[in-house]
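One structure is given below, encoded as structure tokens.
The values are calculated or read from the model by the stated rules, or taken from the named source; none is laboratory data. Values in this document were obtained by computation on a predicted structure and should not be read as measured data. In this analysis, Cβ positions are derived from the backbone assuming ideal geometry, glycine residues included, and neighbour counts consider all displayed protein chains.
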């Protein structure tokens, strides 16, 4: 499985990767640090010219340059891309943010883990082969 | 706001009812309705319009002006006349009859304007005016004047002066009220603005504080998980304390976020408090199980409000009731309601440690904690949030309690 992770906090990325280390079904994670990069990636522009199509996008909301909301909106309006599940992964626990993301077409809204236990749970979910479908069901 | 019939009008009415002309009585009647209109006008423009029209119709003059003092000038703010006078113009106080009226704080009665040295004839020649009557607005340091004008020679009567002065006195009260009202409105605006800013600040701050905090928490936990067995007991103790502190900080930030977000909710409807309490008990089942708390729930009312906000209140009060207990005591918590007039009083009673009367007000303030952290966990935000929510519902919240005798928290809500 192939995940595009849009996240500007390197320690989150490092931790996710570390927790997946040595797992048999660990997905490939391509990491970009902001909204611009994310759009370049899916449009296979610039240094992402040879990027492959992700099975799922994990998207932070509080991103520099282009906010996660705008990235989500663009992705969902993009020809041939709207079918790829987008999971919002954010510090926010605010139902208003969740509603707004759902209105823009997010497939799932996950509040970022606050401790190791919650991280391990998230990683276990991501390690499942059916993660993209799991996301859709949620 | 109080607008009363000016004393001079009252006196005039009482003093002279039998002796006055039918015109005067009709004018007094009309003045009463003008007073009523003025009492409802909160803006200077509205007051100006009412006074301008009343000034002409009360005395049946051919024209009326409403003049305001503007520094060293008389400003002809508005007029109602058979043909144009000086609306929008400014004249020096020293060269204008309205200036004379204001400076001397007394009326000017001028049957023939061309025979009076106080009149700047050049300004009057293009107009219809032959006679005039002018009274000051406010007798102590006047803020303006009201003028009456006649096209044919007219001797202003005592009754006309009395009526016009009564109108001016009423207008002065209305103008002062309007000024107070505008000051108040701008203060309310400023307050709302700063309140909004403050909430926005709390939200952004706590949101941004959470990012690094999550990282600290997980990194320290990772350290414990991966390297815990290479440390001695003391080393593991350090890690344990660090983890505990980050958890406390996390719940503090979350409570602050909740407090800041309360502002945003506008969705009010009918709420069954029974459902609210049931939902909260469901959410708290771990805490209730751990403490073996005994809960009694009486009949709960239907109220008007926001269910998720009211859940926060009930959850805060019940978890406080369960948490603030002497060591080893089984918590007993009773949740009941009672109708009082148009509102409902809901209450949560416990057998806990109780609170000294000295703190009954303070506990509802932000960041007020009465206990050391290692004794009873609390953010010092929960009750402030309860108060904020209940006040949004136009209710009140208070406590009755004494140390060692448990606590009773009460809050009122409007019936649906």
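Quick look at the values:
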| item | result |
| --- | --- |
| Test for residue A:11: is it within 14 Å of chain B (Cβ to nearest Cβ) and either assigned to a helix (DSSP H, G or I) or farther than 21 Å from residue A:115 by Cα (or both) | yes |
| Qualifying residue in the stretch B:188-197 (condition: within 14 Å of chain A (Cβ to nearest Cβ), surrounded by fewer than 19 Cβ atoms within 10 Å (Cβ to Cβ) and either touching a helix residue (DSSP H, G or I) at 6+ places or on another chain (Cβ under 8 Å) or not in a helix (DSSP H, G or I) (or both)) | no |
| Of the criteria (1) within 22 Å of residue B:60 (Cα to Cα); (2) buried (at least 19 other Cβ atoms within 10 Å of the Cβ); (3) touching a strand residue (DSSP E or B) at 6+ places or on another chain (Cβ under 9 Å), which one residue B:170 fails | (3) |
| Count - residues of the stretch A:72-97 that are surrounded by 13 or more Cβ atoms within 10 Å (Cβ to Cβ), part of a helix (DSSP H, G or I) and either away from chain B (no Cβ under 12 Å) or in contact with a helix residue (DSSP H, G or I) (Cβ under 7 Å, 6 or more places away or on another chain) (or both) | 5 |
| Within the stretch A:98-119, considering residues that are in a helix (DSSP H, G or I) and within 10 Å of chain B (Cβ to nearest Cβ), the one nearest to residue A:12 (Cα to Cα) | A:119 |
| Output for the stretch B:115-154, where each listed residue is without any contact (Cβ under 8 Å) to a residue 24 or more places away in the chain and touching a strand residue (DSSP E or B) at 6+ places or on another chain (Cβ under 6 Å) | B:116 |
| Residue tally, condition within 14 Å of chain B (Cβ to nearest Cβ) and either within 18 Å of residue A:30 (Cα to Cα) or in contact with a helix residue (DSSP H, G or I) (Cβ under 6 Å, 6 or more places away or on another chain) (or both), over the stretch A:120-134 | 2 |
| Helices (runs of 4 or more DSSP H) enclosed by the stretch B:227-307 - at least 2 residues per element that are touching a residue at least 12 places away in the same chain (Cβ under 8 Å), out of contact with any helix residue (DSSP H, G or I) (no Cβ under 7 Å at 6 or more places or on another chain) and closer than 19 Å to residue B:347 by Cα | B:273-283 |
| Residue ID - surrounded by the fewest Cβ atoms within 10 Å (Cβ to Cβ), chosen from residues in the stretch B:341-370 that are under 20 Å from residue B:303 (Cα atoms) and at pLDDT 90 or above | B:345 |
| Unmet criterion (only one of (1) modelled with pLDDT under 85; (2) in a strand (DSSP E or B)) for residue B:377 | (2) |
| The stretch B:76-94: number of residues that are under 16 Å from residue B:125 (Cβ atoms) and outside any strand (DSSP E or B) | 5 |
| Residue match in the stretch A:107-123 (condition: on the phi > 0 side of the Ramachandran plot and either surrounded by fewer than 17 Cβ atoms within 10 Å (Cβ to Cβ) or within 14 Å of the chain's Cα centre (by Cα) (or both)) | no |
| Qualifying residue in the stretch B:146-156 (condition: under 25 Å from residue B:86 (Cα atoms) and under 37 Å from the mean Cα position of the chain (by Cα)) | yes |
| Tally of residues being under 23 Å from residue A:128 (Cβ atoms), buried (at least 22 other Cβ atoms within 10 Å of the Cβ) and away from chain B (no Cβ under 14 Å) across the stretch A:50-71 | 5 |
| Test result for residue A:18, surrounded by fewer than 17 Cβ atoms within 10 Å (Cβ to Cβ) and either away from chain B (no Cβ under 14 Å) or in a loop (DSSP other than H, G, I, E, B) (or both) | no |
